[in-house]
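I have placed the structure first, in the form of structure tokens, so that the comments after it can refer back to it.
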């Protein structure tokens, strides 16, 4: 009996990463900007997305959304009120979305073809840990944080904030009532992800939305398609 | 808490690797599986180990050890022009000059590095 070492050097999430790379290529070919929204449950991802879809649609953009939850299609019904095509993904206990779930739900979605979209939003399952490991092929990962959550959230969940391309602070309209320390929150986000774009928003009042929409248009590289 | 699906994926990958070995080495037993896990990989080594025994049962990996090699975050500091290892994941600043660093060179790894196997008996 002899023992030997066999080198593997294989990514544990290789299957997901390969699938995500395929999705990313198809998004690029179709010219659709794909965003992955991640936060804890209750941060206000759905309200923020409702407002974003409504505003983009009002400006003539072609938008759609996939929304992940363990159970119920409550969020899909809320988002569909914007008039955008929305599809619910129920994970039935799984704490994150993966590339295979995205592929499956994009296939056989009668009202949506990627090439017919300008923006596709993926609202992940509310969870600040697991979604950060799963690439969905998105161009922009957005980490959201509400003023009710505590300014040290980025320090407590560094992986998620570090892997994000943009950060959105939600519910700014109640920041005073929550004694939200804005400077501290901005500092903490920057400590974990130096130089990240941060948007301070309220889906209720619309504060900060113009800046956010301008960022989306710029990220898509198609300023001429929308009049902001 | 997705460690169970990670462990399932590790066991599958190693089992596939064993199946691809030359005939003479068929029936090899896995003694050890070594992982490289970055400090920012969102994975808890203890949770991986907890799932290990359960998932590997009844596979060629049964009874093997799981060794998790944790890798610190390494950033590239533009001011210093050098890579630097961070002590923790609470502040992404160069430990030498204190400048914020967004260029990460290590820390998100989540991979099977190698396996140690004991060759099975060669069939005559």
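Couple of notes before you dig in:
- A straight line joining the Cα centroids of the range B:1-35 and the range A:169-193 runs 45 Å.
- Global form of chain A, assessed from the alpha-carbon gyration tensor, a/c cut-off 1.5: oblate
- Averaged over the residues of peptide B:108-116, the number of Cβ atoms from other protein chains lying within 10 Å of each residue's Cβ is 5.
- Residue mean of other protein chain beta carbons inside 10 Å, A:120-133: 2
- Inter-chain Cβ neighbour count for A:10-17, averaged per residue, equals 6 (cutoff 10 Å, partner chain atoms only).
- Cα gyration tensor, the range A:54-94 - rounded (a/c under 1.5), prolate or oblate: prolate
- For the range A:117-228: rounded, prolate or oblate by the Cα gyration tensor [a/c cutoff 1.5]: oblate
- Descending by average beta-carbon neighbour count within 10 Å, the peptides B:38-47, A:103-112 line up as B:38-47, A:103-112, the highest first.
- Chain B: relative contact order in percent, alpha carbon pairs under 8 Å with at least 6 residues between: 35 percent
- Our note on the geometry: Cα centres of the range A:34-84 and the range A:114-152, 11 Å apart.
- The range B:1-120, Cα convex hull volume normalised per residue, Å³: 114 Å³
Each reported figure results from applying straightforward, stated rules to the coordinates on display, with no laboratory input. Everything numeric here is computed off the predicted structure, so don't read it as measured data. Note that we place each Cβ from the backbone using ideal geometry, even for glycine, and neighbour counts take in every protein chain shown.
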